[in-house]
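Where a number appears in this text, it was derived from the coordinates with a stated rule and is not lab data. The structure presented is a predicted model; accordingly, all values stated were derived computationally and were not measured. In this analysis, Cβ positions are derived from the backbone assuming ideal geometry, glycine residues included, and neighbour counts consider all displayed protein chains.
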Amino acid sequence: MAKLITAQPKFKLMVANLAGASDPSRGPSGNPVKVRTAFEMSLFPEIPRGGPVSLEDTRIPGVRTRMGLLTTTTPGVPVGATGTITVGNNSFAADATLLLGSFTVTSGDDFAVGGTLALTAVALATAINNLPDFTATALVAVVTVTGPFGLEGNSLRFEAEYAGSVQNYVLSPTVGTLGTGEPVIGPPTIF
């Protein structure tokens, strides 16, 4: 069960951070410089729910609230989470299974192994394209996978399991999830 991360409206938190002590008896020169006057941020509470498998699911129930601002490289343009699969070995004597979100893509069941690394990559990309919310393209032996955008996309499972001793795929990122999806929760704006 995944956690849905929701965004509340931005708000400003007023603060009084001064560079030094204040001495009103010294007139204008006794007032220090303001270092900060406010923070602008949003709260992002998590809500437990059913959905794609996420690596953060191990502690359900229980939620947390993140603070910051939604950040994108190009303002207002979300980016799908991505990962690459390099077909490094075309010996699929035992099943190789790609774990992608809540889906599995297994050699021999979901796609036919090709005669070359490049043909296997094309077959794997086609199988991934048949999954909802995912697209894939193959270039030689490298399959680039794009999933949902934002925080949820970045937490989707991206791993491989092998029934035999041959590891057919090299995945990137190697942390077990897709990555580089936007928006992300960035720092608050400091005034």
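Relative to the longest principal axis of the Cα atoms of the chain, the long axis of helix 117-129 lies at roughly 60 degrees. Per 10 Å bin, what percent of the C-alpha pairs of the chain does each bin hold, from zero upward? Going from the shortest bin to the longest, the percentages are 9, 28, 24, 16, 10, 7, 4, 2, 0.
Helix-only arithmetic for the chain: the sum of -39500 (n - 2.57) across DSSP H runs with n ≥ 4, divided by the residue total, places the mean residue ellipticity at 222 nm at -2500 deg cm²/dmol. Take every Cα pair under 8 Å whose residues are at least 6 apart in sequence, average their separation, divide by the length of the chain, and the relative contact order is 27 percent. Peptide packing: for 79-88, 29-38, 174-183, 131-140, the average count of neighbouring Cβ atoms within 10 Å per residue gives the ranking 79-88, 174-183, 131-140, 29-38, highest mean first. Computed from the C-beta positions of K10 and T126, the FRET efficiency with R₀ = 45 Å rounds to 0.60. Take the Cβ atoms of A38 and S102, set R0 to 30 Å, and the FRET efficiency comes out at 0.15. Applied to region 20-35, the Karplus parametrisation 6.51 cos²θ - 1.76 cosθ + 1.60 on θ = phi - 60° returns per-residue 3J(HN,Hα) values of x, 6, 9, 9, x, 5, 8, x, x, 6, x, 9, x, 6, 6, 7 Hz, with x for Gly and Pro.
Per residue, the Cα convex hull of region 80-172 amounts to 78 Å³.
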